[in-house]
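Asker: Quick one: the structure is below, questions incoming.
The values are calculated or read from the model by the stated rules, or taken from the named source; none is laboratory data. A quick note: this is a predicted structure, and the numbers were derived from the prediction, not measured. No Cβ is skipped: glycine too gets one built from the backbone with ideal geometry, and neighbour counts run over all protein chains shown. For accessibility, only protein heavy atoms count, side chains too; no ligands or nucleic acids. Shrake-Rupley method; radii C 1.70, N 1.55, O 1.52, S 1.80 Å.
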Amino acid sequence: PHEEIVELVSHLSAKTNISVQELLRAFGNYLFQRFTVIHADYIVNHQSAFELLKLLDGHIHVEVRKLYTETELPSFEHEENADGSLILIYKSRRALADFAQGLLEGCVAHFQHAMQIERQDIPEENGAHSRFTLRPMKAKHV
């Protein structure tokens, strides 16, 4: 249960003086790196972070639900902008946007993209939404 994760991370935060938000992001980043080992056969079939992230709800979460029928997964809607950025709308009653951000950061790092991730939190009655904008950084010319 996500409450146990939050409780464990809260205790770790008290012991380490690292914020719960930072710890959740670090765990998300670590977990994505584990996915690259555990699900390497799936991840290597994708050429970019955007390609993989656009499949979250339509494919990846569908497969997760087949394995774990009782799990409650967040949803991710996506839209591509003409400027080359990708917007992901995270929706979950669990409000673990910091963890989701860590997963996104891990994905971007895995594909070695120079990318800025912007986040806007949108509180709601039944959880939270966050809008992540992944914007490729332009190469600096020397």
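Asker: Once each part is reduced to its C-alpha centroid, what is the distance from region 1-41 to region 74-142 in angstrom?
Answerer: So the separation of the two Cα centres works out to 17 Å.
Asker: Then there's this: For a quick check: with amide H placed at 1.01 Å from N, whose amide H comes under 5 Å from residue 95's, ignoring anything fewer than 5 positions away on the same chain?
Answerer: For residue 95, whose amide H was placed from the backbone, the distant partners under 5 Å are 128.
Asker: Next question. Viscosity 1.002 mPa s, temperature 20 °C: Stokes-Einstein D of region 34-90 from its Kirkwood Cα radius, in µm² per second?
Answerer: Estimated via Stokes-Einstein, D reaches 170 µm²/s.
Asker: Which of 54/91; 15/66; 91/138 have a Cα-Cα distance over 26 Å?
Answerer: In this structure, 15/66; 91/138 exceed 26 Å between Cα atoms.
Asker: Just 18, 89, 43 to compare: in a GNM of the chain, with alpha carbon springs under 10 Å, which one fluctuates most?
Answerer: Comparing 18, 89, 43 in a Gaussian network model of the chain, the most mobile one is 18.
Asker: Normalised by the number of residues in region 7-95, what is the relative contact order in percent for Cα pairs under 8 Å and 6+ residues apart?
Answerer: Computed over region 7-95, the figure is 14 percent.
Asker: Here's something else I'd like to know. Keeping the other protein chains in place, figure out the carbon and sulfur percent of the accessible area of region 1-90, with a 1.4 Å probe.
Answerer: Taking all protein chains in place, region 1-90 shows 57 percent carbon and sulfur surface.
Asker: State to the nearest 20 debye the size of the charge dipole of region 1-128 about its Cα centre, where the only charges are +1 on K and R beta carbons and -1 on D and E beta carbons.
Answerer: 360 debye
Asker: With springs only between Cα atoms under 10 Å apart, run a GNM on the chain and tell me which of 110, 129, 39 wobbles the most.
Answerer: Largest GNM mean-square fluctuation: 39.
Asker: Rolling a 1.4 angstrom probe over the protein heavy atoms, how many square angstrom per residue are accessible across region 2-124?
Answerer: On a per-residue basis, 62 Å².
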